[in-house]
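A.B. asks: Encoded as structure tokens, here's the structure I'll be asking about.
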Amino acid sequence: MKFLPLIWKGIWRKRGRAILILLQIVVAFTLFGLLQGLNGAVKQAIASTHADRLYVVGRSAMGEPLPLAYLEQIRGVPGVRDVNYRLQFGGQYQRPGQGVVIAATDVESFFRVFSEVSTSRESIDALRATPSGAIVGRVTAEEYGWKVGDRFTIQTPIPRTDGSREFTFDIVGIFENTDRPEQSIGAIANYAYINEARARNRNTVMLYTALIDDPAKSAEIGFAIDSLFENSTNETRTQTESQIAQSQIDRIGNLDYIAHAITGAAFFALLFATGALMMQSIRERTPELAVLKTVGFTDRLVMTLILAEVLLLALIGAAIGLWLGDFMLSMTRQMIGVTGMPASIVVAGFVCAVLLALASGAIPAWRGLRLQVAQALSGR
Amino acid sequence: MAAIVSLKNVVKRYVRGKQRVEVLHGVDLECEAGEFLALMGPSGSGKTTLLNLIGGLDRPDEGEVIVAGERIDRLSSGQLAKWRARHVGFVFQFYNLLPVLTAERNVEVPLLLTKLSRAQRRKNVAAALELVGLTDRAKHKPTELSGGQQQRVAIARAIVADPTIIVCDEPTGDLDRENAEDILGLLQMLNQRQGKTIVMVTHDPRAAEFASRRLYLDKGRLVHQETRSAA
């Protein structure tokens, strides 16, 4: 600790250069934090999906209508404990940019299958008793200032028999997603209310969600479900929740590769940039290092001081960069549902900072170690 | 009095390009404790090389170097560094202060290698700065000090750890006459009142007048010596 002021002053010997090095490190670690954090958070989200839920969608495309008549057949597959069907669509509330996602479903099975979505028994009963009722997510309710008893109308992409695309809902309750509170969004409505009013695709759903007894048998059960509708007009594809999440991520591209490639390139460039600047710094300070050795600092101590300088700078830069990365990641929360930077990425970031410091500081530190006092003092 | 510096048949060679140049040819030298010794001679005579050997900054190719009772030519690089920290204070022509540190922090540098507490270090630094008359400039950086003041800081740094010997390489070479005499007076005071052994390299005869003994080197050999009377 007594050497810390010496190290600190050494870092800021040339303020402009120190800031330049620090900025490079900050930018690289912001990139690292953002990309690896996003990647890690997505992996964590996929890993935390419910393995006991299978999603049955149209084989050709997700969103392709499936007959409501499939319900009983899916329910009859061995290993399936419960089934929920859903028609999901987005609507616009009052003006562009104010979206509301509606899940038109069978309310009883919905709350059984999606156990993390929680509301009161009274709300469920009220929704069953109110055809135009809706249980609204807490976040959405807060965003638009809605409360139980309010009524809202949205513009939807679903044409009604009367030619309009408007649907009006009476709020009968509020729900909360207990796993991911920030995902308490949208509204749950009665399937029958939408189905009876719409002009097209009546008695069809967007997807079924099957709750199964044994997650280890998900592939087997999924195959059994898809086999039921093989060669029919509406063939199905059954996937686990994690497979669905992964396929959505895959639409962006290979996130793993993108994250590793970009941060790898940034660190590679940083290694040379920091190394070169440190070399320059050590060259300029040769007489000062010689003085330290003259008064009794050992070769190893001088080498350690140089490494400590790079290390301190790298750790400060990494801390700022990771904080910025986390901050930027939190801004994407609403868009992609990432909850924050996983702790493992923070740890990995600091490990990278240490390795980077050791690698970029190795040659300057070696120069410091090998510095011959008599030669350095005489300018040879 | 016992010899605090003893060099026996010391040979030092340097490699310059493809040539090996012998700069010291079997030098024998003794310096007693409490002595103020001036090493004089023309450029290239080997004065600084000899001083570096005495101060443990370099090793001879042949011969023995015994300083403060230690055969330092046999010490490893790490041992030599620790030995320097305990026994030698250095004063250079161009002061060689760390530009990012204040005067008091520069003086404190050798004490960072000791086990002294922060408070004790500060106390010793204050005492050293008071001795060189720079208490009021303690918080100033080297660039805010005159040449003479910077050399005083360097002297304070050299004495703060209470070394056995102080080695000075042209300590007045970068100073005007007035400042040079101040610095030499300060070194003389450290020698006479504090009993510090001082070995000083200089090519200035007036600077050498302050020493109690003068040794003349020429072409790597000690050729002549003069001793000042105690008066």
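The values are calculated or read from the model by the stated rules, or taken from the named source; none is laboratory data. This one's a predicted model, so the numbers in the text were calculated from it and none came from an experiment. Counting neighbours? That spans all protein chains shown, and the Cβs are built from the backbone with ideal geometry, glycine included.
A.B. asks: Would you mention how many residues in the stretch A:365-380 are surrounded by fewer than 23 Cβ atoms within 10 Å (Cβ to Cβ) and either part of a loop (DSSP other than H, G, I, E, B) or within 14 Å of chain B (Cβ to nearest Cβ) (or both)? Talk me through it step by step, then tell me what you get.
C.D. replies: Step one: list which residues in the stretch A:365-380 are surrounded by fewer than 23 Cβ atoms within 10 Å (Cβ to Cβ), which gives A:366-367, A:369-372, A:374-376, A:378-380.
Next, from what is left, pick out any that are either part of a loop (DSSP other than H, G, I, E, B) or within 14 Å of chain B (Cβ to nearest Cβ) (or both): A:369-372, A:374-376, A:378-380.
Selection size over the stretch A:365-380: 10.
A.B. asks: Does the stretch B:76-92 contain at least one residue that is farther than 30 Å from B:G26 by Cα, at the interface with chain A (Cβ under 9 Å from one of its Cβ atoms) and touching a Phe, Trp or Tyr at 6+ places or on another chain (Cβ under 9 Å)? Spell out the reasoning first.
C.D. replies: At the first step, the residues of the stretch B:76-92 found to be farther than 30 Å from B:G26 by Cα are none.
No, every residue in the stretch B:76-92 fails to be farther than 30 Å from B:G26 by Cα, at the interface with chain A (Cβ under 9 Å from one of its Cβ atoms) and touching a Phe, Trp or Tyr at 6+ places or on another chain (Cβ under 9 Å).
A.B. asks: Tally time: how many residues in the stretch A:164-178 are assigned to a loop (DSSP other than H, G, I, E, B), in contact (Cβ under 8 Å) with a residue 12 or more places away in the chain and closer than 19 Å to A:Q92 by Cα?
C.D. replies: Going through the stretch A:164-178, the residues assigned to a loop (DSSP other than H, G, I, E, B) turn out to be A:164-165, A:178.
Among the residues that remain, those that are also in contact (Cβ under 8 Å) with a residue 12 or more places away in the chain are: A:178.
Still in the list and also closer than 19 Å to A:Q92 by Cα: none.
Here the count works out to 0.
A.B. asks: Now, a different point. Of the numbered conditions (1) closer than 16 Å to A:Q88 by Cβ; (2) surrounded by 14 or more Cβ atoms within 10 Å (Cβ to Cβ), A:I212 satisfies every one except a single condition; which is it?
C.D. replies: (1)
A.B. asks: Considering (1) more than 27 Å from B:K47 (Cβ to Cβ); (2) at pLDDT below 90, say which one B:T102 fails and leave the rest.
C.D. replies: It is condition (2) that B:T102 fails.
A.B. asks: Please count how many residues of the stretch A:1-25 are buried (at least 21 other Cβ atoms within 10 Å of the Cβ) and away from chain B (no Cβ under 14 Å).
C.D. replies: 2
A.B. asks: If you check A:V346 against the conditions, is it away from chain B (no Cβ under 14 Å), at pLDDT 85 or above and farther than 15 Å from A:L31 by Cα?
C.D. replies: Values: away from chain B (no Cβ under 14 Å): yes; at pLDDT 85 or above: yes; farther than 15 Å from A:L31 by Cα: no.
So A:V346 does not fit the description; no.
A.B. asks: Scan A:A362, A:A357 and give me the residue that is assigned to a helix (DSSP H, G or I), in the same structural domain as A:K9 (by TED's automatic domain parsing) and surrounded by fewer than 18 Cβ atoms within 10 Å (Cβ to Cβ). If you could, list the steps in order and put the result at the bottom.
C.D. replies: Values: A:A357 fails: surrounded by fewer than 18 Cβ atoms within 10 Å (Cβ to Cβ).
None of the others qualify; the one that does is A:A362.
A.B. asks: Can you tell me which of (1) surrounded by 13 or more Cβ atoms within 10 Å (Cβ to Cβ); (2) closer than 18 Å to A:R198 by Cα; (3) among the acidic types (D, E) is the one A:E143 doesn't meet?
C.D. replies: If we test A:E143 against (1) surrounded by 13 or more Cβ atoms within 10 Å (Cβ to Cβ); (2) closer than 18 Å to A:R198 by Cα; (3) among the acidic types (D, E), just (2) comes out false.
Listed here are the residues, each with its yes/no results for (1) closer than 22 Å to B:I165 by Cα; (2) assigned to a helix (DSSP H, G or I); (3) among the basic types (K, R).
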| position | (1), (2), (3) |
| --- | --- |
| B:V21 | no, no, no |
| B:V65 | yes, no, no |
| B:D73 | yes, yes, no |
| B:K82 | yes, yes, yes |
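A.B. asks: All but one of (1) more than 14 Å from chain B (Cβ to nearest Cβ); (2) part of a loop (DSSP other than H, G, I, E, B); (3) surrounded by fewer than 17 Cβ atoms within 10 Å (Cβ to Cβ); (4) over 29 Å from the mean Cα position of the chain (by Cα) hold for A:G63, so report the exception by its number.
C.D. replies: Result: A:G63 passes all but (4).
A.B. asks: OK, next. Pairs only if they're at least six apart or on different chains, beta carbon under 6 angstrom, first in the stretch A:208-220 and farther than 8 Å from A:L54 by Cβ and outside any loop (DSSP other than H, G, I, E, B), second among the aromatic types (F, W, Y) and modelled with pLDDT of 90 or more; list them, first residue then second.
C.D. replies: That search, which allows pairs on different chains as well, returns A:Y208/A:Y85.
A.B. asks: Please find, among B:L37, B:L57, B:L101, B:L53, the residue that is under 25 Å from B:Q151 (Cα atoms), in a loop (DSSP other than H, G, I, E, B) and under 16 Å from the mean Cα position of the chain (by Cα). Walk me through how you get there before you give the answer.
C.D. replies: Details: B:L37 fails: in a loop (DSSP other than H, G, I, E, B); B:L101 fails: under 16 Å from the mean Cα position of the chain (by Cα); B:L53 fails: in a loop (DSSP other than H, G, I, E, B).
Matching residue, one of B:L37, B:L57, B:L101, B:L53: B:L57.
A.B. asks: Still on this structure, please answer the following. Only strands (runs of 3 or more DSSP E) wholly contained in the stretch B:115-231 count here; list those with 2 or more residues that are modelled with pLDDT of 90 or more and closer than 30 Å to B:V21 by Cβ.
C.D. replies: Values: elements: B:165-169, B:197-201, B:213-218, B:221-227.
Because the criterion is at least 2 residues that are modelled with pLDDT of 90 or more and closer than 30 Å to B:V21 by Cβ, the strands (runs of 3 or more DSSP E) in the stretch B:115-231 that meet it are B:165-169, B:197-201, B:213-218.
A.B. asks: Residue under question is A:G296, and the condition is that it be within 14 Å of another protein chain (Cβ to nearest Cβ), touching a strand residue (DSSP E or B) at 6+ places or on another chain (Cβ under 9 Å) and not β-branched (V, I, T); does it hold?
C.D. replies: Details: within 14 Å of another protein chain (Cβ to nearest Cβ): yes; touching a strand residue (DSSP E or B) at 6+ places or on another chain (Cβ under 9 Å): yes; not β-branched (V, I, T): yes.
Taking the combined requirement at face value, the residue satisfies it.
A.B. asks: Another question, if that's okay. Does any residue of the stretch A:169-177 turn out to be surrounded by 15 or more Cβ atoms within 10 Å (Cβ to Cβ), among the aromatic types (F, W, Y), farther than 24 Å from A:L54 by Cβ and modelled with pLDDT of 95 or more?
C.D. replies: There is at least one residue in the stretch A:169-177 that is surrounded by 15 or more Cβ atoms within 10 Å (Cβ to Cβ), among the aromatic types (F, W, Y), farther than 24 Å from A:L54 by Cβ and modelled with pLDDT of 95 or more.
Residue by residue, here is whether (1) over 27 Å from the mean Cα position of the chain (by Cα); (2) in a strand (DSSP E or B) holds:
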residue	(1), (2)
A:G91	no, yes
A:R95	yes, no
A:V100	no, yes
A:E122	yes, no
A:I135	no, yes
A:E142	no, no
A:I154	yes, yes
